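Down below is the structure, laid out as structure tokens.
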Amino acid sequence: MKTLEEIKSAIEAAVPGAGLEIVPNPSPSGQHSLRLAPAHATEVAKFLRDDAELAFDFLSNVTGVDWPDKEITEKVKVTRTVTKTVDGVEQTVEETVEEPRKRMQPGCLEVVYHLFSMAKKHGPIVLRMKTINRTDQVELPSLTPIYRSAEFQEREIFDLYGVVFTGHPDLRRLLMWEGFKDHPMRRDYVDPDDYEYEPTPHDAVLARAAASKAAQEATGQEGAGQ
Amino acid sequence: MEEGWNRPPVMEPDGEAELLEVAMGPHHPSTHGVFRMDVALDGERVIRLKPVFGYLHRNHEKIAEQASYLASMPYTDRLDYFCSLTNNWAYALAVEKLTAQEVPERAEYIRVILAELTRIQNHASAIGFLIQEMGASGTPLMYAFKEREKILDLFESLTGSRMMCNYMRFGGCRVDVSAAWLSAARRVVDGLPAFIDEFENLLSGNEILMARCQGIGILRPELAINAGVTGPMLRGSGVDYDIRKVDHYGIYDRFKFRVPLGDHGDIYDRYMVRVLEMRESITILNQALKEIPGGPIMDSRAKLRGFRPKPGEAYGRIEAPKGELGFYLISDGGPNPYRYRVRPPSLINLTVLEDMCLGSNVADVVLIFGSVDIVLGEVDR
């Protein structure tokens, strides 16, 4: 099999402006991956499937990954004007200090595809795509028209992570029931107090429900889950 | 290739016939658990079929992300509860890839022996269930279970449990096999060819079985590859792809065995591929039981407590009896996996269920579904 760099240049020759980026994998497994720009993902996948030499005809595995917003603390140099009393006289001086600043790194949802070749018996090549954020811009192109095996797996990711696959022929929830609101595999998902609609006589459940009801009333927010 | 070639065709009812919509399942004896097919029928003919999943969903992946790496090992038993040992192996293999953990030779042999025994008992019961669904109530299934019982007794005496074995560890196996166990295993393996001959005498040339299975539920090889179908189903369609031969994981490059392939991709070919795979598993078992060396069963550098892989990711896969079982792990350096994904062969093999069933009689849906060989514990996770 070609190395990942060779595959990358082969794709770039076939799909101009594909916007590929190699994501190194520090683990000893050595399975490095290629990040695709969502705009060209279907063309790249079609090339990988139909190219006679690469012949990645078998999409084995599709995985969703959630990367929540991350708070990063970093030190920033700040220059400010302070009034100091030096030798009994008030003076205005400028001084530079290091100050910790917190900033939010926006999170995203990621989808990882593992491709193999049945014709040439090589692989895997790992492709990944990222959404813009985790809330309102969660569309990614579906690879189901090219690889049918993505059909149920993309439905599962839509169900459990909330990635919306444009071009998917039948995008419905797969494992959770119709009418379920949240995405349980997200890392900030909060379990509902009870999955049953009727209250159960278990003390632990009732105590949890009472506590979260009080918290909801205090903040005036709807609970997570259903 | 034309756009949409890999989609199931949209079928229209004949004339003014009224459509009958049937929910087969979730409590239907042929669904192997709780699984529903929403079928639209024009008379006896299936013109639409939509599978409905999730009745057994417990979010195995989320639970595994909240537990340490080792704590998920017993939970993998519950995925495909017919084949807990191959599930253990796939998970152990993925973690070993993630941490570059080596496995001692004796442990590799034990793994091969247990995996091939698992394959034989899975295929025997899969065929038994298939014939049961055909209406041969009981007899073939009892033949299969009689043999499966002997293999489960071996599992029980080694691991302490018949189905929930929880036996493999990252870097080896949990307990060593004794000489007495190996000779018991040899006795069971020596009895297997006679069992398969008997089984085949009863079934392979049976007129009813051939009439019900040949030419029914055909899966084209191009579609099988495109839809990610793996295992005996893929090979029944004539695609030569066995991960034991492709990846040579473990020590499979040391054994001589053939990969049986089907010709027509119908139910009968899938049945026949399973029978022949059992025979090939016996040749692997004979070689492994003869060559198994002494030595440790756990790598001395393997770390069980305080196990924290370095950040990174790995995808490990094996040829499980039902197809490609893969585990994809992302580590962030913590004690729990950041992402733990199971690639379930049972779920992905069901992608083509509608394509195989369209146009056939409703009675054949049960058979086609049975020939996929699924376990709902793995489909719904």
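Below, the figures for the structure above:
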| read-out | value |
| --- | --- |
| Meets criteria (over 30 Å from A:L127 (Cα atoms), of a type outside the set (D, E) and in contact with a helix residue (DSSP H, G or I) (Cβ under 6 Å, 6 or more places away or on another chain)) for B:I284 | yes |
| Criterion: away from every other protein chain (no Cβ under 14 Å), under 25 Å from B:Y241 (Cβ atoms), crowded, with 19+ Cβ neighbours inside 10 Å and not small (G, A, S) - qualifying residue of A:L54, A:L59, A:L34, A:L48 | A:L54 |
| Total residues in the stretch B:57-77, condition in a loop (DSSP other than H, G, I, E, B), surrounded by fewer than 18 Cβ atoms within 10 Å (Cβ to Cβ) and either more than 14 Å from chain A (Cβ to nearest Cβ) or under 18 Å from the mean Cα position of the chain (by Cα) (or both) | 2 |
| B:E313 vs. criteria under 28 Å from the mean Cα position of the chain (by Cα), surrounded by fewer than 20 Cβ atoms within 10 Å (Cβ to Cβ) and not hydrophobic (A, V, I, L, M, F, W, C) | no |
| Near pairs, Cβ below 8 angstrom, 6+ apart or cross-chain, from the stretch A:185-211 (modelled with pLDDT under 80) to any residue that is β-branched (V, I, T) | A:D193/A:V205; A:D194/A:T200; A:D194/A:V205; A:P199/A:V205; A:L206/A:T200 |
| Residue count, the stretch B:361-381 (criterion: away from chain A (no Cβ under 14 Å), within 14 Å of the chain's Cα centre (by Cα) and among the β-branched types (V, I, T)) | 1 |
| Every pair of residues 6+ apart whose Cβ atoms lie under 7 Å, when the first sits in the stretch A:99-110 and is closer than 13 Å to A:T135 by Cα while the second is loosely packed, with under 11 Cβ neighbours inside 10 Å and of a type outside the set (A, V, I, L, M) | A:G107/A:K70 |
| Qualifying residue in the stretch B:241-260 (condition: of a type outside the set (K, R) and touching a Cys at 6+ places or on another chain (Cβ under 8 Å)) | no |
| From B:G294, B:G265, B:G334, residue being under 21 Å from B:A92 (Cβ atoms) and either away from every other protein chain (no Cβ under 14 Å) or of a type outside the set (S, T, Y) (or both) | B:G334 |
| One residue from A:E12, A:E43, A:E5 being within 14 Å of another protein chain (Cβ to nearest Cβ) and either of a type in the set (D, E, K, R) or surrounded by 19 or more Cβ atoms within 10 Å (Cβ to Cβ) (or both) | A:E43 |
| Positions within the stretch B:303-315 being basic (K, R) and either away from every other protein chain (no Cβ under 13 Å) or within 30 Å of B:L347 (Cβ to Cβ) (or both), in sequence order | B:K303, B:R305 |
| Every residue from the stretch B:317-369 that is touching a residue at least 24 places away in the same chain (Cβ under 8 Å) and among the acidic types (D, E) | B:E319, B:E324, B:E354, B:D355, B:D364 |
| Residue within the stretch B:14-28 that is within 12 Å of another protein chain (Cβ to nearest Cβ), in contact (Cβ under 8 Å) with a residue 60 or more places away in the chain, surrounded by fewer than 18 Cβ atoms within 10 Å (Cβ to Cβ) and part of a strand (DSSP E or B) present | no |
| B:P296 vs. criteria crowded, with 24+ Cβ neighbours inside 10 Å and not in a helix (DSSP H, G or I) | no |
| Residue that is nearest to A:P184 (Cα to Cα) [pool: residues in the stretch A:103-153 that are among the hydroxyl-bearing types (S, T, Y) and in contact with a strand residue (DSSP E or B) (Cβ under 9 Å, 6 or more places away or on another chain)] | A:T131 |
| Scope the stretch B:1-27; condition of a type outside the set (D, E) and in contact with a strand residue (DSSP E or B) (Cβ under 7 Å, 6 or more places away or on another chain); matching residues | B:M11, B:P13, B:A17, B:L19, B:L20, B:V22, B:A23, B:M24, B:G25, B:P26 |
| Within the stretch B:224-239, considering residues that are more than 9 Å from every other protein chain (Cβ to nearest Cβ) and at positive phi, the one surrounded by the fewest Cβ atoms within 10 Å (Cβ to Cβ) | B:G238 |
| Selection status of B:L209, under 24 Å from the mean Cα position of the chain (by Cα), in a helix (DSSP H, G or I), closer than 30 Å to B:E354 by Cβ and in contact (Cβ under 8 Å) with a residue 40 or more places away in the chain | yes |
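Here is a yes/no grid of residues against (1) over 30 Å from A:F58 (Cα atoms); (2) in a helix (DSSP H, G or I); (3) away from every other protein chain (no Cβ under 14 Å):
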residue: B:L261; (1), (2), (3): no, no, no
residue: B:Y271; (1), (2), (3): no, yes, yes
residue: B:R274; (1), (2), (3): no, yes, yes
residue: B:R301; (1), (2), (3): yes, no, no
residue: B:R317; (1), (2), (3): no, no, no
residue: B:M356; (1), (2), (3): no, yes, no
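The values are calculated or read from the model by the stated rules, or taken from the named source; none is laboratory data. Note that the structure is predicted; figures quoted are calculated from it, not measured. Counting neighbours? That spans all protein chains shown, and the Cβs are built from the backbone with ideal geometry, glycine included.
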